[in-house]
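First the structure, in the form of C-alpha cells, and then the observations on it.
The values are calculated or read from the model by the stated rules, or taken from the named source; none is laboratory data. Keep in mind the model is a prediction, meaning the values are calculated, not measured. Areas reflect the complete protein model, heavy atoms only, side chains present, ligands, DNA and RNA absent. Shrake-Rupley method; radii C 1.70, N 1.55, O 1.52, S 1.80 Å.
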Amino acid sequence: MSIETSIETRHGVARFTRAALGAVAALTLTATAAWSQAYGIYSMPAGTLSHTTASAIAKVLKEKGGMNMLVQPTAGETTLLPLLARGEGDLGIANIFETEIAVKAYPDLRVVGSLHSLRGAFWVRKDSPMKTVADLKGKRVVLGFSAMRTIDPLVKAILATGGLTEADIKPVLVPNVVRGAEDFANGSADMFFFAFGAAKVREVDATVGGIRALTIPKEGMAAAQKIVPEGYLTPAAPSPFFVGVEQPMEVYTWDNMLLTNAKVKDEVVYKMIEVMEANKSELVAVQPALRDFDAKKLYKTYNIPYHPGALKYFKDHKIEAMKVQ
C-alpha cells in the first residue's frame, strides 16, 4: 500500500468515525430533549383519588424516568378529556365510563391502559340510622355532576341496587364529587359519593365525626348493570384505605384508565409504562390504590383504541388482553 493510499484510508476512517460519533450524539441529544421536555398529566380536582394517582405517576416519571411531568388538575373528566384529545396535555386519568364516551367523540384519544380498580361508596354520617342503599328513600342525594357526566348514571345505578330511582329521592345537584362531599359536610345533603382512597373522604370523615359506607345488596346488581354494565362488586374489609367500612362487605367497583393522545410519541408511552412497572413501590407509597397497578393488567378487551406505544410494550412483553371483569 502506498503512503498516499494509507493516508487516504486513515482520513476515510476518521471521517466515518466522526460521522458515527455525530449520529450517536444526535440521537443522544434527541432522546435527552424528548425526556427533558415538559409533559402534563390531567386529573380531577385536588383531594380526589384521581389527583393523588396523577401525583404518584408524575413523581415516579420525573424522579425515576427523568421526565419533567406536571400535574394539571381540572374540574372533572368531562373537562379534561377534550383538552387531552387536542394535545394540550400528554396524559389524563378518567374512569372507563367517561373513556368509552370520549373516544367516540374525540378520535385522537388513545388508551394506555387500565391503571387500577376504582371502588366507591355512598357515605352517610356514622351516627345515621341508614345502613343500606334502600334507606336513602326520601333523602337528599347528590346528583347531576355537570363536570363529571358519567358519575350521574353511576349514582343512579347504585341507587338501583336498593330498588330506588331518582323519583324516590331528593336530588341535590352538584358539578363534581368534591362539591358533593362538601355539601354533605355542610349539611346540605344526606350522603355523598366518592372513590375510596381519596384525601377528600378522609377529610370529610374527620370533619363530621365519622362516616359509614352503605351496604349494597348483591341481588341488586342486575338492576344496576342495566344502567351501567361495566360496574361490578369486589370485597372490602375495614382498613385505613376503606374509610367507613365497619365490617367485611362488597363495594361498587369500576376501572380507572390512563389515557394519552395520538400526538404523543410511541417511545414516550413505552417508557412511561416501563418506568411505572419498574417502580411500583414508589407509586404505592404516594397512592395506595395503585397496589392494583400491573403492566399485565393494563391491557383489557375494551373496544377502545390503545396507543401504538402501549401495544408495542404489550407485544414485546407477551401481554395478552385480559377479559373485562
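Considering only Ser114, Ser281, Ser128, the mean-square fluctuation computed in a Gaussian network model of the chain, springs between alpha carbons under 10 angstrom, is largest for Ser128.
For region 100-254, the square roots a ≥ b ≥ c of the C-alpha gyration tensor eigenvalues yield an a/c under 1.5, which makes the shape rounded.
What shape does region 264-325 have by the C-alpha gyration tensor, where a ≥ b ≥ c are the square roots of the eigenvalues, rounded means a/c under 1.5, and otherwise prolate means a/b greater than b/c and oblate the rest? Working shown, then result.
On the way: a/c = 1.98, a/b = 1.26, b/c = 1.57.
Oblate, because a/c is 1.5 or more while a/b does not exceed b/c.
Counting heavy atoms of the protein chains alone, Tyr106 has an accessible area of about 80 Å² for a 1.4 Å probe.
The angle between the Cα long axis of helix 151-161 and the longest principal axis of the Cα atoms of the chain comes to about 50 degrees, rounded to the nearest 10.
Values (1) 15.2; (2) 17.3; (3) 19.6 are given for comparison; mean projected area of the Cα convex hull in nm², derived from the coordinates here, is the one labelled (3). Note on region 53-207: antiparallel DSSP beta bridges, both residues inside, total approximately 45 percent of the bridges counted. For Ser239, the solvent-accessible surface with a 1.4 Å probe is about 50 Å², rounded to the nearest 10. Direction-averaged projected area, Cα convex hull, region 203-291: 8.8 nm², rounded to one decimal. Contact order, relative form, for the chain: 23 percent (alpha carbon pairs under 8 Å, 6 or more residues apart, mean separation divided by residue count).
Compared with the rule-of-thumb size 2.2 N^0.38 Å for a compact globular protein, region 99-164 has a Cα radius of gyration ratio of 1.45.
Relative to the longest principal axis of the C-alpha atoms of the chain, give the angle of the C-alpha long axis of helix 49-63, reported between 0 and 90° and rounded to the nearest 10°. Between helix and principal axis, roughly 20 degrees.
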